[in-house]
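Trainee: I'd like to ask you about the structure that follows.
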Amino acid sequence: MMHDREEIALKIREFIESLNQECIAGAIVTVEGKKDESALRELGFSGEILVYNNFKGITNFVDHVSWSGRKVILLLDRDKKGRTLTSKIFKKLDLFGCHDGLYYKKLFVRITHGKIMCVENLSNYCPPFAEKYSKSTYP
């Protein structure tokens, strides 16, 4: 079991590094709430994060990101609310062609074997990794 957990932690680290590279290239990562943002930061994510809950509805959010012309990576939760939001936002973003086709959301599910429903639980899932990585990233 520990081996499996370490393997997942390593894949999560690669996932975070890949997201960082996407952001260096101009992408924006979107999460549902502040706790999701904090979890990504704990794991060493340094790119731009938009917190969906800071916007007043889907239309305001889509207007904001489509105006920027940047790629949007949706990492909303996998609960009922998150899936509904993802679907609605994705359909609207599809008109502008400024999304990642849910590549990272699907990768997140694959890496965690579908066990983690919310981004905010990522750092809880692999605390040794989160502690080690955040200490090496932030002095």
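Trainee: Look at GLU32 and say whether it is of a type in the set (Asp, Glu) and either in contact with a Phe, Trp or Tyr (Cβ under 6 Å, 6 or more places away or on another chain) or crowded, with 16+ Cβ neighbours inside 10 Å (or both). So that I can check it myself, show each step before the final result.
Mentor: On the way: of a type in the set (Asp, Glu): yes; either in contact with a Phe, Trp or Tyr (Cβ under 6 Å, 6 or more places away or on another chain) or crowded, with 16+ Cβ neighbours inside 10 Å (or both): yes.
The answer is yes for GLU32.
Trainee: Right, another one. Which one of these does PHE129 not meet: (1) touching a Leu at 6+ places or on another chain (Cβ under 8 Å); (2) modelled with pLDDT of 90 or more; (3) over 21 Å from GLU22 (Cα atoms)?
Mentor: It is condition (2) that PHE129 fails.
Trainee: Also: Please enumerate the residues belonging to the range 108-121 that are over 10 Å from the mean Cα position of the chain (by Cα), within 19 Å of GLU42 (Cβ to Cβ) and open to solvent by less than 30 Å² (accessible area, probe 1.4 Å). Break it down stepwise before answering.
Mentor: Restricting attention to the range 108-121, the residues satisfying the condition of being over 10 Å from the mean Cα position of the chain (by Cα) are 109-117, 121.
Next, from what is left, pick out any that are within 19 Å of GLU42 (Cβ to Cβ): 111-112, 115-117, 121.
Result: ILE111, THR112, ILE116.
Trainee: Ok, one more. So is THR84 surrounded by fewer than 20 Cβ atoms within 10 Å (Cβ to Cβ) and within 25 Å of LYS115 (Cβ to Cβ) or not? Even if it seems obvious, please write down each step before you answer.
Mentor: Values: surrounded by fewer than 20 Cβ atoms within 10 Å (Cβ to Cβ): yes; within 25 Å of LYS115 (Cβ to Cβ): yes.
So THR84 passes the test.
Trainee: Taking the range 9-63, which residues are over 18 Å from GLY101 (Cα atoms) and among the polar types (S, T, N, Q)?
Mentor: Matches in the range 9-63: SER38, SER46, ASN53, ASN54, THR59, ASN60.
Conditions tested, residue by residue: (1) hydroxyl-bearing (Ser, Thr, Tyr); (2) open to solvent by 80 Å² or more (accessible area, probe 1.4 Å).
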| site | (1), (2) |
| --- | --- |
| LEU10 | no, yes |
| ILE16 | no, no |
| ALA27 | no, no |
| GLU37 | no, no |
| SER46 | yes, yes |
| PHE55 | no, no |
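The values are calculated or read from the model by the stated rules, or taken from the named source; none is laboratory data. Computed from a predicted structure; not experimentally measured. Cβ sites come from the backbone with ideal geometry, for glycine too, and all protein chains shown count toward neighbours. Just so you know, the surface numbers come from the protein's heavy atoms only, side chains and all, with ligands and any DNA or RNA stripped out. Shrake-Rupley method; radii C 1.70, N 1.55, O 1.52, S 1.80 Å.
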